[in-house]
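Q: The structure's right below; bear with me while I get my questions together.
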Ligand SMILES: *[C@@H]1O[C@H](CO)[C@@H](O)[C@H](O)[C@H]1NC(C)=O
């Protein structure tokens, strides 16, 4: 212990040098300095450790996570960009030359400007150029019902059955437009009237818009009248929901099953709900089952408005049996089946009866 004051070791008398005091002072100072030095090193080391554990490590983890995230998205981001780049490249360097020029062909086809279209084709326009939604000039021509444009495009080597991203083909467009000439043109070039994989059904498209001339052409070309669309059911369901009696007649005459169901609902249920007396008459003529029950155990008559024409027709049918003649016709058609009903002449029936079986007398 250091004592100050008279008599202590550290008391410095004036003008005297005490080496003992100097040594002690040196010792104390160096100890303090050393302690401070060590303390600084300690702080530095702990800061380094702190930095390593909390900053570097965390960052590495974060870096890893970011890397993983990027890799997960790699497929989508890079690939999509490549596709987009390719598309832009095609637009810029396609056969046609420029973005605007390439759509001229689509425009000419959509507007039915056959001479403009031919000029563009002569100048080397790409007839199979497609928009981002995969629509080609032939789609446009058919959607507009422009026979001469469609013909020019096909002659110039346009693909006959490309589909858009919505699954539309030139044929489905021509059907929905009701263009008999375009439909015939495509069928003539060997396009099947039945829907391909991932495409819409031409028959449904024609039925949606009540295009009975097209329905007739498609049936003649051998279209399957029982093609089922998962959303809309059979073509018969479609024409009943939209009240197109001519189309219903054509489908049924070609052998469409009058009792076909979609979710337990027959075409008669649909027609009863729609309230179309004409369509209901046609369905009954072809032997529709008036007692069929839908998913909530309702008969078609239960779905009609009280006092409506359709309810009258259905209640009458309920109370009165069919004519014997009609029962025979339905029976013969049933026995022949859909595929063979057209061979009815081989039955050697009198022509009048043949026509009756084929519902020809109605014309
Ligand atoms: C439809 O149902 C009715 C009544 O059950 C039946 O008489 C008729 O033969 C059926 N028609 C077909 C094509 O299945």
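The values are calculated or read from the model by the stated rules, or taken from the named source; none is laboratory data. Source: prediction; values computed, not measured. Because the Cβ atoms are built from the backbone with ideal geometry, glycine has one as well, and the counts that use them run over all protein chains shown.
Q: Just name the residue that is modelled with the lowest pLDDT out of those in region 253-278 that are within 12 Å of the ligand (Cβ to nearest atom) and part of a loop (DSSP other than H, G, I, E, B). Working first, answer last.
A: Residues of region 253-278 that are within 12 Å of the ligand (Cβ to nearest atom), as a first pass: 255-261, 266-268.
Among the residues that remain, those that are also part of a loop (DSSP other than H, G, I, E, B) are: 255-260.
Working: 255: 89, 256: 93, 257: 93, 258: 94, 259: 94, 260: 93.
Here the answer is 255.
Q: Moving on. Being buried (at least 24 other Cβ atoms within 10 Å of the Cβ), more than 19 Å from residue 107 (Cβ to Cβ) and under 20 Å from the mean Cα position of the chain (by Cα) is the filter here; which residues of region 140-194 pass it?
A: Within region 140-194, 169, 171, 172, 175 qualify.
Q: Pick out, from region 279-363, the helices (runs of 4 or more DSSP H) lying fully within it that include 2 or more residues that are under 28 Å from residue 220 (Cα atoms) and within 14 Å of the ligand (Cβ to nearest atom).
A: Values: elements: 309-319, 324-336, 351-357.
The helices (runs of 4 or more DSSP H) meeting that bar are 324-336.
Q: I would also like to ask the following. Looking for whichever is in contact (Cβ under 8 Å) with a residue 40 or more places away in the chain and part of a helix (DSSP H, G or I) here; the options are 250, 218. Which one fits? Full working, then the answer.
A: On the way: 250 fails: in contact (Cβ under 8 Å) with a residue 40 or more places away in the chain.
Criteria check complete, one pass: 218.
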